[in-house]
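Worksheet for the structure shown next.
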Amino acid sequence: MQCKSKQSQSQRLFQLLKRGWVSPLQALREVGTMKLATRVSELRAMNVKVRDKWSEDRSHKLYTIRGGR
């Protein structure tokens, strides 16, 4: 999968997370990363307040930057 812009995956993921909850499949399709948890860890290391929750079937985590549940 090729990069759609010169922005890093973390930068593109940051923009996506601001829109709402993001799944690993959505991150793969829209950002091109197969390592969502790693990119989230990079954002957290930059003091970005990323929230997470388990999916309904508890098979994977979802991430967002938005407040509220």
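The values are calculated or read from the model by the stated rules, or taken from the named source; none is laboratory data. These numbers come from a predicted model, not from an experiment. FYI the Cβ positions are ideal-geometry reconstructions off the backbone, even for glycines, and counts take in every protein chain you see. Ligands, DNA and RNA are stripped out before the accessible areas are found, and what is left, the full protein with its side chains, is counted by its heavy atoms. Shrake-Rupley method; radii C 1.70, N 1.55, O 1.52, S 1.80 Å.
If I stretch the segment between GLN26 and ASP52 completely, what's the gain in nm (0.36 nm per residue apart, minus their alpha carbon distance), one decimal?
Values: separation 26, 0.36 × 26 = 9.36 nm, distance 1.47 nm.
That works out to 7.9 nm of additional length.
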What do you get for the angle between helix 36-45 and the principal long axis of the chain? Use alpha-carbon atoms, 0 to 90 degrees, nearest ten.
90
On a 0 to 90 degree scale, rounded to 10, what angle separates helix 9-19 from the longest Cα axis of the chain?
40
Heavy-atom accessible area of ARG19, protein chains in place, probe 1.4 angstrom, given in Å² to nearest 10, is 150
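Report, in deg cm²/dmol and to the nearest 500, the calculated mean residue ellipticity at 222 nm for the chain, where each DSSP H run with n ≥ 4 adds -39500 (n - 2.57) and the sum is divided by the residue count. Walk me through the numbers on the way to the answer.
On the way: 3 runs with 28 residues, N = 69.
The per-residue figure over the chain is -11500 deg cm²/dmol.
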With label points built 7 Å along Cα→Cβ from the Cα atoms of ARG19 and ALA37, find their separation and express it in nm.
2.5
Scaled radius of gyration (Cα, divided by 2.2 N^0.38 Å) that the chain gives
1.04
At a 1.4 Å probe radius, which order do LYS35, LYS18, LYS61 fall into by accessible area, largest first?
LYS35, LYS18, LYS61
GNM of the chain, Cα pairs under 10 angstrom: of ALA37, ALA45, ALA27, the biggest fluctuation goes to ALA45
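For ARG66 and SER8, compute 0.36 nm times the residue count separating them, minus their Cα-Cα distance, and round to one decimal in nm. Provide the component values of the computation, followed by the final result.
Details: separation 58, 0.36 × 58 = 20.88 nm, distance 2.08 nm.
The span from ARG66 to SER8 would gain 18.8 nm if fully extended.
How do SER55, SER8 rank by accessible surface area computed with a 1.4 Å probe, from largest to smallest?
Details: SER55 10, SER8 50 Å².
Output order, biggest surface exposure first: SER8, SER55.
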